[in-house]
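For reference, the structure discussed in these notes is given below.
The values are calculated or read from the model by the stated rules, or taken from the named source; none is laboratory data. All values derive from a computational prediction rather than experimental measurement. Here the Cβ positions follow ideal geometry from the backbone for every residue, glycine too, while neighbour counts run over all protein chains shown. Note: accessible area is taken over every heavy atom of the protein model, side chains too, but ligands, DNA and RNA are not part of it. Shrake-Rupley method; radii C 1.70, N 1.55, O 1.52, S 1.80 Å.
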Amino acid sequence: VPISNIRNFSIIAHIDHGKSTLADKLLQVTGTVEKREMKEQFLDNMDLERERGITIKLQAARMRYVNEKQPYCLNLIDTPGHVDFSYEVSRSLAACEGALLVVDASQGVEAQTLANVYLALENNLEIIIVLNKIDLPGAEPDRVSQEIEEVGSSLQLIGLDCSEAIYCSAKEGIGINEILDAIVKKVPPPPDTADNPLRALIFDSYYDPYRGVIVYFRVIDGTIRKGDRIYFMASGKDYYADEIGVLSPNQLQVDELYAGEVGYLSASIRSVADARVGDTITQYGRKAVQSLPGYKEATPMVFCGLFAELRDALEKLQLNDAALKFEPETSSAMGFGFRCGFLGLLHMEIVQFHKGDLVTANYTLPVKTRSTDFVASKLPTISSSRLFKSLERLEREYNLNLITTAPSVVYQVNCVNGDTVECSNPSALPEPGRRKSIEEPYVKMVGDFFDQLKSRSKGYASMEYSFVGYRESDLVKLDIQINGDRVDPLATIVHKDKAYAVGRALTQKLKELIPRQMFKVPIQATIGAKVIASEALSAIRKDVLSKCYGGDITRKKKLLKKQAEGKKRMKAIGKVDVPQEAFMAVLKLE
Ligand code: GDP
Ligand code: MG
């Protein structure tokens, strides 16, 4: 089709408002995907996504559509639905000229609706408003239209014109043709810049173990041909494009793609870090003068320690996730492990849960501090049952004994000598004599956070936050000693005025969580050399066989097996066996 008949668009929505359902319907109605080959939801094709019901990795689909006897090519570019991935969302939107804004007509405008609208407006997209779920008895499309139209000084208000909003039921297939018609009529075609030097925007990439990295891109300017020597302007790497193609939504090879088109390429690229989202692809022999705007390096927000020999698993993960950072860490108490950095808690959860099934964690209630901002370090608390489920899976698959530490944010430490150092590992905090002050990250919760949290069962309502910057706080390092040994992974950075309370609560919690040993075990919280709280486990002699009489050998075996299982996920700290839960204890304090 001529470039004037190409339309590139995304669907943006708050979680659960029907983005995937609508995408599926569009694919069906345009005959792109036969009903029988539709899985539950085609665009969310990772099992994990289906499990969690959110879109993490975005992809694209090309649809053929005839409108008033004219053939059109509609490229749908999917976007992830969570703030941890707002950079990825902004890059997919930058690959489009328009967006469908889907709002659940029984719910109205929500936090992520707003965040997405801002990203769409920043990218100058034509926004088509879709009021979804009008089949529901509770749907109030007129009221929701008013809500969308409201203008004012509050950030809660969008102020978009709803006079042409489309009433839709993605589930029942109502309004789908109107949506397709509006895409053709309202979304502008891409500008024709096929003669310029190539500039293609990467909006997604993933690692395929057989073909190397597969790069999804939109050609902004110029032309790309199979076999071209291409150059990635941010990473500085060059490759030969062995294969290029379109997504229909399965990969379909073509020989060339022009300005305005959306496709994929494979070029035996070994790691996604060489072809990161937001990078510009140009021709090696005819380089564009300027790369496309908006490229950003990933900055991890949350760190945690994973103690086990996981290098292979982590390296594999990194091939597919350019945002994952990790470095080896050794701890006197824990031995060898890794410190991993994640974009945010959801990213951490997904990385851990997904490839390699590392470990998973579920986060809830942050603590409110002065004003409407929250101390980022208070975000995580861990749901231990899910954590243990995944730990078991991981141990089975990798045959290892994994201990993970409580996640920590990155602190900025201003040193006496004028240096500023970043610290994500409490045990690596510069000594009090060396530091002048410590700053910690603050986040702002988007929308009516606490009300949403109460009214929803889904944990990720709590995750709608954005980073607002670093602020100085009066912080100290709280150490824990078990049986006289300092246990690095249990060290935490706490507000000074809370230190005594935390120290007391933490030692009590550890006393509950650590099983009694055959000798007395003191558990102490210290700040520097000063002990601020102290508990002790009393000694026990636990002979599981003492209750068995005589020769019941199977019963004996059973008991011994049970005792062995009980020892799992314990870490020997000196002579004391410390269970995994204890390393998360700090997250469980009231
Ligand atoms: P997403 O998170 O925005 O991708 O939302 P989904 O497409 O996964 O939809 C969330 C839930 O809403 C699913 O249970 C869908 O079946 C349901 N849903 C989506 N569209 C409609 C609709 O038009 N009517 C009704 N009743 N339910 C819908
Ligand atoms: Mg979805």
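Numbers at a glance
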{"read-out": "Checking Pro188 against (1) open to solvent by less than 60 Å² (accessible area, probe 1.4 Å); (2) within 16 Å of ligand 1 (Cβ to nearest atom), the condition it does not meet", "value": "(2)"}
{"read-out": "Matching residues, segment 130-153, being of a type outside the set (Asp, Glu) and within 15 Å of ligand 1 (Cβ to nearest atom)", "value": "Val130, Leu131, Asn132, Lys133, Ile134, Leu136, Pro137, Gly138, Ala139, Pro141, Val144"}
{"read-out": "Qualifying residue in segment 1-11 (condition: modelled with pLDDT under 90, open to solvent by less than 10 Å² (accessible area, probe 1.4 Å), aliphatic (A, V, I, L, M) and within 16 Å of ligand 2 (Cβ to nearest atom))", "value": "no"}
{"read-out": "Residue ranges of strands (runs of 3 or more DSSP E) in segment 465-536 with at least 3 members at pLDDT 90 or above and open to solvent by less than 20 Å² (accessible area, probe 1.4 Å)", "value": "475-482, 521-527"}
{"read-out": "Top-ranked residue in segment 73-118 [being among the β-branched types (Val, Ile, Thr), closer than 23 Å to Val277 by Cα and not in a helix (DSSP H, G or I); ranked as nearest to ligand 2 (Cβ to nearest atom)]", "value": "Thr79"}
{"read-out": "Considering residues of segment 259-286 that are among the acidic types (Asp, Glu) and assigned to a loop (DSSP other than H, G, I, E, B) only, the residue most open to solvent (accessible area, probe 1.4 Å)", "value": "Glu261"}
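This table checks each residue for (1) in contact (Cβ under 8 Å) with a residue 40 or more places away in the chain; (2) in contact with a helix residue (DSSP H, G or I) (Cβ under 8 Å, 6 or more places away or on another chain).
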{"position": "Phe232", "(1), (2)": "yes, yes"}
{"position": "Ser235", "(1), (2)": "yes, yes"}
{"position": "Gly245", "(1), (2)": "no, no"}
{"position": "Ser248", "(1), (2)": "yes, no"}
{"position": "Asp255", "(1), (2)": "no, no"}
{"position": "Ser266", "(1), (2)": "yes, no"}
{"position": "Ala273", "(1), (2)": "yes, yes"}
{"position": "Gly278", "(1), (2)": "yes, yes"}
{"position": "Thr282", "(1), (2)": "yes, no"}
